[in-house]
Amino acid sequence: MCGIVGYIGNKSVVDILLDGLKQLEYRGYDSSGIAVRCPDKIKVYKAVGKLENLSAELMPHRSEISSATIGIGHIRWATHGAPTALNAHPHTCNCGNLVLVHNGIIENYKELREKLTALGCVFKTQTDTEVVAHLVARKYAETKDLTEAVRMATKEIEGAYALCVLHNDEKDKLVATKRNAPLLVGIGEGEYFVASDVPAIIKHTKKAMYLADNQIVTLTRNSMKLIDENGTELSQKVEVLPWEPVALSKMGFKHFMLKEIHEQPDVIRNILVGRMHSCDEPVVLNEVNLTKETLKNLNRIQIIACGTSLHAAMIGKYIIENFCGIPVDVEASSEYIYRKTVTDSHTLVIGVSQSGETADTLTAIKQSKAKGSHILIITNRPDSAMAREADSLLSVNAGIEVSVAATKSYIAQLVSFYLLAMYMAEIKGSLAESDLKSLKAELMQVPQKIEQILSNKEQIQHCAKVYANTKDFIYIARGINFPTALEGALKLKEISYINATGYPAGELKHGPIAMLDNTMPVLSILMKGSVYEKLLSNSEEAKARDARMIALTNSKDEKLKDLFENIIEVPDVQELLSPIIAMIPLQLLAYYIAEFLGKDVDQPRNLAKSVTVE
Ligand code: M6R
């Protein structure tokens with residue numbers, strides 16, 4: 001989390017920094033700040049809350065800083081210390097000469113803080129970052145060389161960091177480094193950019209260099225020098241970014257989330273192009289290197305992910321086991337990395353991540369890679385850190401997702417799992433030709449079915465109004481749609497802050513049923529198929545406890561009208577593909593409830609789009 005930008009060149013730096021931070025807002029948005037080099041000294045400005053507050057804060061100072069052409073900026077997602085102006089970055093040493101921004105977590109900050117306090121440093125903030133400012137400043141006092149000071153300081157730091165550093169006494173220099181946090185340098189004509197991610201620099205340059213861990217780059221207006229942690233100079237691997245600048249527009253929608261929900265039919269069409277030509281031809285996944293031999297040697301598959309991607313992974317397990325007969329375990333990355341996992345070269349490890357950056361998933365992937373597992377990454381960012389670890393890559397091509405609540409990337413992950421499972425089933429010969437054909441035929445119809453839902457939103461908007469003021473919400477489902485219940489509940493809680501929970505319906509009577517009364521909405525994801533009747537009985541049990549019953553269903557059964565207070569109808573679809581269709585109304589329900597309650601839909605409180613700390 002947190003985004004950093006830096007610039008050294010001949011253009012006015014303030015707007016470059018503010019625009020760069022705007023592009024990185026998905027990484028955090030609780031406070032922000034910039035430091036710009038003015039003729040007399042480096043000046044620091046900070047503001048709590050959204051980036052527009054920083055712009056407002058800068059207004060009265062614009063004339064005095066407009067000529068500055070070197071600067072650094074930061075947008076924060078608080079880890080250590082509340083989101084206050086004091087804790088916002090940039091941070092400085094005691095004399096104010098050394099100024100830096102940081103993304104990551106300094107794990108040994110307590111020890112460093114004690115040590116530095118004993119040496120006379122006075123701490124002003126509650127952040128872990130401030131120790132780095134004091135530490136680099138002390139090294140600078142010894143060396144009088146900013147690069148060397150950074151190099152020496154990072155030897156004492158444990159944890160994750162991307163740093164961008166300026167010093168009052170080094171007038172034409174910007175130093176940056178990283179370990180376990182992303183950072184790249186954009187290369188222009190007589191200018192350099194530093195950023196946590198491509199969108200912050202792409203409108204200025206396509207030429208860039210990704211920093212590897214422990215590398216330190218020293219930038220002046222006309223030079224770039226790269227060294228390793230021992231000070232040895234390295235050759236620079238400059239690449240051309242396969243990106244086009246995109247103007248992020250809501251295209252007339254009130255929020256990015258609503259726009260992204262509406263993009264889902266085209267997202268699916270995009271994924272299928274070139275990968276599924278017709279019902280009679282095999283699935284083509286060029287970047288996936290799973291041969292018959294590899295598949296034959298597999299004992300099992302482990303899928304690791306977080307949040308929404310974890311829910312996609314749970315559906316992935318269901319589909320792969322069903323189509324391929326290979327046992328699949330699914331685990332939250334944050335749990336996976338802190339136990340003794342059994343994985344080896346006979347295990348296929350699949351990492352699922354929209355951003356390709358999530359710290360826990362990245363660590364889990366690296367751990368399994370070290371044990372010899374084949375790593376397959378399903379991501380929306382083929383240029384991400386996770387993608388760089390992949391033996392096989394499945395890029396979901398959903399396009400940039402701005403809203404923090406994942407919608408189109410989730411549907412794209414699901415479709416990717418269908419393609420992968422069919423692809424593996426075709427190699428293994430584990431699924432009947434007729435089943436494959438019918439799945440492919442119906443998958444190609446799914447975009448139109450989603451369009452039907454999107455053009456008939458009244459019933460969902462009606463439900464949103466009816467239930468918007470509830471304190472709690474329960475989603476129930478069985479089988480392949482249990483993860484849909486979890487994802488529906490996650491969508492609602494993250495953008496409306498309503499306490500929503502998803503349960504496998506058979507579990508209700510083992511405890512949660514005690515919560516039911518006439519104030520509790522229970523939404524039953526009642527899709528036709530193997531568990532329909534079972535779920536109907538579970539819904540009856542909830543109704544008998546007076547719960548306010550809602551059905552999301554593709555059934556036309558008249559008796560549902562007696563059981564459910566509200567019914568959200570969706571187009572018919574076979575059970576195995578129903579998680580895609582069932583999810584769309586749940587995204588919309590969460591959206592309309594949050595919108596009705598006046599919440600900040602695209603940037604909900606306390607969240608960030610990219611979770612780069614463990
Ligand atoms: O980028 P990732 O898919 O790895 O992110 C994982 C979660 O942080 C993410 O899915 C999160 O749960 C979303 N906010 C859900 O809408």
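Database remark: amide H of Val330 closer than 5 angstrom to the amide H of Ile303 (H placed geometrically; neighbours at sequence offset of 5 or more, or on other chains; Pro and chain starts carry no H). With both labels modelled 7 Å from their Cα along Cα-to-Cβ, the Leu597 to Ala212 distance reads 4.7 nm. Fully extending the segment from Glu281 to Arg339 would add 16.6 nm, taking 0.36 nm per residue of separation and subtracting the current Cα-Cα distance.
Beyond 23 Å between alpha-carbons counts as too far, so tell me which of Lys41/Lys124; Lys178/Lys366; Lys457/Lys561; Lys173/Lys237; Lys369/Lys609; Lys292/Lys317 fall in that bin. Distance filter (> 23 Å) returns Lys369/Lys609. Placing pseudo-labels 7 Å out from each Cα toward the beta carbon at His61 and Asn108 gives an inter-label distance of 3.4 nm. In sequence order, the range 273-286 has phi-based couplings of 4, x, 10, 9, 7, 7, 5, 9, 9, x, 5, 10, 10, 4 Hz under the Karplus curve 6.51 cos²θ - 1.76 cosθ + 1.60, θ = phi - 60°, and Gly or Pro positions carry x. Taking Cα atoms only, the orientation of helix 532-544 departs from the longest principal axis of the chain by about 80 degrees. Within a straight-line Cα-Cα reach of under 13 Å, Lys437 can be paired with the following aspartates and glutamates, leaving aside sequence neighbours fewer than 8 residues apart in one chain: Asp280, Glu281, Glu426. Full extension of the segment from Asn322 to Val273, taken as 0.36 nm per residue of separation minus the current Cα-Cα distance, would add 15.2 nm. Note on the range 442-589: Cα Rg divided by 2.2 N^0.38 Å, N the number of residues, gives 0.95. Normalised Debye scattering of the chain at q = 0.09, 0.13 Å⁻¹ gives log10 I(q)/I(0) of -0.76, -1.32, counting only Cα atoms as equal scatterers and leaving out solvent. Rg and Dmax of the range 204-244, based on Cα coordinates, read 11.4, 36 Å. Computed from label points 7 Å out along Cα-Cβ, the spacing between Ala118 and Glu142 is 1.5 nm.
Taking the Cβ-Cβ separation of Gln236 and Glu442 as r and a Förster radius of 51 Å, what is the calculated FRET efficiency to the nearest 0.05? Efficiency, from the Cβ-Cβ distance: 0.55. Remark: C-alpha extents of the range 361-512 on the principal axes read 50, 40, 38 Å, sorted largest to smallest. With just the Cα atoms defining each centre, how far is the range 413-442 from the range 206-252? Give it in Å. Computed from Cα coordinates, the inter-centre distance equals 40 Å. The aspartates and glutamates within cross-link reach of Lys207, meaning a Cα-to-Cα straight distance under 17 Å and a gap of 8 or more places when in the same chain, are Glu189, Glu191, Asp197, Glu239, Glu244, Asp383. Working note: Karplus 6.51/-1.76/1.60 with θ = phi - 60° gives the range 192-197 the couplings 10, 10, 10, 7, 6, 7 Hz, where Gly and Pro are set to x.
The calculated 222 nm mean residue ellipticity attributable to helices in the chain amounts to -11000 deg cm²/dmol, summing -39500 (n - 2.57) over DSSP H runs of n ≥ 4 and dividing by all residues. Fewest-first ordering of Thr92, Thr129, Thr294 by other beta carbons within 10 Å of each residue's beta carbon gives Thr294, Thr92, Thr129.
Give the cross-link partners of Lys203 among the lysines, using a straight C-alpha distance below 16 Å as the criterion and excluding same-chain residues fewer than 8 apart. Once the sequence-local lysines are set aside, what remains near Lys203 is Lys11, Lys22. Angle between the Cα long axis of helix 307-324 and the longest principal axis of the chain, 0 to 90 degrees, nearest 10? Relative to the chain, helix 307-324 is tipped by roughly 50 degrees.
For the pair Asp572 and Ala85, a Förster radius of 60 Å applied to the C-beta separation gives a FRET efficiency near 0.60, rounded to the nearest 0.05. Taking other C-beta atoms within 10 angstrom as a stand-in for reagent exposure, Lys408, Lys317 fall in the order Lys317, Lys408, fewest first. When Trp77, Trp243 are sorted by how many other C-beta atoms sit within 10 angstrom of their C-beta, beginning with the fewest, the order is Trp243, Trp77. The stretch between Arg300 and Asn53, if pulled fully straight at 0.36 nm per residue, gains 83.8 nm over its current Cα-Cα span. Packing, as the average of other Cβ atoms within 10 Å across residues, places the peptides 233-240, 298-305, 218-225, 468-475 in the order 298-305, 468-475, 218-225, 233-240, highest first.
Semi-axes of the equivalent ellipsoid of the range 312-400 are 19, 17, 12 Å, computed as sqrt(5λ) over the eigenvalues of the C-alpha gyration tensor in descending order.
Here, each number is a calculation from the coordinates, and none is a lab measurement. Keep in mind the model is a prediction, meaning the values are calculated, not measured. Positions of Cβ are backbone-derived with ideal geometry, glycine not excepted, and every protein chain shown enters the neighbour counts.
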